[in-house]
Every structure is written in C-alpha cells, then in structure tokens.
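Any read-out appearing in this document is the output of simple, stated calculations on the displayed coordinates, not a laboratory observation. Only a predicted model underlies this, so the values are computations on that prediction, with no experimental measurement involved. Neighbour counts are summed over all protein chains in view; Cβ atoms, including those assigned to glycine, are modelled from backbone coordinates with ideal geometry.
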C-alpha cells in the first residue's frame, strides 16, 4: 500500500506540484495501476514466449518501406499550386493577419 510520503516522493522526483486534494486520488489510482501490473506478473506464458529467450531467437524483419529515389524537385508543384485560391507572381496570396 502506498503511503502519503510515497506520493510526495514520486511528485518530487517527477517535479510535479500536486495539490493536497489530488494526492489521495493519485494514491488510489497508482495502487490500482500497481495491482494490474502485479496481475500481469502472475500471468502464465507459453514456453515459446518465455522471458529467458534471447532476442536473437525471435524472427524479425524490417518494417520500414524500401528506399527509393526521391521525386525530382518541382514535380508536384504545379498540381499543388493549382489548388491555391489565389496566386500572384508565383506566390500564394493570403489574407493579412499581422500589422507591421
């Protein structure tokens, strides 16, 4: 069970200013979280998921997309600018929102 000084210590470590009325609610929430974690530690895993397996024993693959040549500069510029509501001298025209 967490004590008030545990909450104070956690707040100091995380540099949080926790109001006194929030500390009791936080203590209850943290106890619930720790209870869930302790339930997970009691879970029985199949042998092929045992914690003593080395990461090298697990098959892995690169989930990133393959490298490719970048698009040539300006290839999509005309298509993008055609969607702009207003243009002047190859610039987008926008409503002025700032004074000098």
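Some observations on this one:
- In units of the compact-protein estimate 2.2 N^0.38 Å, region 4-47 shows a Cα radius of gyration of 1.53.
- Estimated translational D of the chain in µm²/s (Stokes, Kirkwood radius over Cα pairs; 37 °C; 0.692 mPa s): 152
- Selected from 68, 27, 42 as most flexible by GNM, with the chain as the system and alpha-carbon contacts under 10 Å: 68
- Full-stretch length increase - residue 78, residue 37 - with 0.36 nm per residue and alpha-carbon distance subtracted: 9.3 nm
- Site pair residue 24 and residue 44 shows an inter-label distance of 4.2 nm when each label is modelled 7 Å from Cα along Cα→Cβ.
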